[in-house]
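Before any comments, here is the structure.
The values are calculated or read from the model by the stated rules, or taken from the named source; none is laboratory data. Predicted, not measured: the structure shown is a model, and the values here were computed from it. Quick reminder, even Gly has a Cβ in these numbers, built from the backbone with ideal geometry, and neighbours come from all protein chains shown. Surface accessibility is based on the protein's heavy atoms, side chains included, excluding ligands, DNA and RNA. Shrake-Rupley method; radii C 1.70, N 1.55, O 1.52, S 1.80 Å.
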Amino acid sequence: MATKKYEIEDLDCAHCAQRIEDEVNKLDGVECRLTFALSQMKVTTERDFRGVEKEIKRIMKVIEPDASMKEIKGV
């Protein structure tokens, strides 16, 4: 299992953050915790992160089209 943290930009409401977290947690083999107050998301998976990131971006685009994610390095 590997874990990465991401900064989430332009996420406007806690409800949307919860919806994104819920949908990401439905992905097979992925655990997600999105903290709206910190604008951060922690993702743990044993899958290839490139594919997981692509799926997360797709989910975010549907729920909060202006939001984006950037990996926080060195955490």
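Look at (1) assigned to a strand (DSSP E or B); (2) open to solvent by 40 Å² or more (accessible area, probe 1.4 Å) and you find that K54 fails only one, number (1).
The rows are residues; the columns are (1) in a helix (DSSP H, G or I); (2) buried (at least 16 other Cβ atoms within 10 Å of the Cβ).
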| position | (1), (2) |
| --- | --- |
| H15 | yes, no |
| Q18 | yes, no |
| E21 | yes, yes |
| V24 | yes, yes |
| D28 | no, no |
| C32 | no, yes |
| V43 | no, yes |
| R50 | yes, no |
| D66 | no, no |
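Per-residue answers, yes or no, for (1) over 17 Å from E9 (Cβ atoms); (2) modelled with pLDDT of 95 or more; (3) under 9 Å from the mean Cα position of the chain (by Cα):
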| site | (1), (2), (3) |
| --- | --- |
| I20 | no, yes, yes |
| G29 | yes, yes, no |
| T35 | no, yes, no |
| L38 | no, yes, no |
| T45 | yes, yes, no |
| E53 | no, yes, yes |
| K61 | no, yes, no |
| E64 | no, yes, no |
| M69 | no, yes, yes |
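With respect to the numbered conditions (1) surrounded by fewer than 17 Cβ atoms within 10 Å (Cβ to Cβ); (2) in a helix (DSSP H, G or I), which one is the sole condition not fulfilled by K73? With (1) surrounded by fewer than 17 Cβ atoms within 10 Å (Cβ to Cβ); (2) in a helix (DSSP H, G or I) applied to K73, the lone miss is (2). Pairing each residue of segment 17-28 that is touching a residue at least 12 places away in the same chain (Cβ under 8 Å) with any residue that is open to solvent by 60 Å² or more (accessible area, probe 1.4 Å), provided the two are 6+ apart or on different chains, yields C-beta distances under 6 Å for A17/F36.
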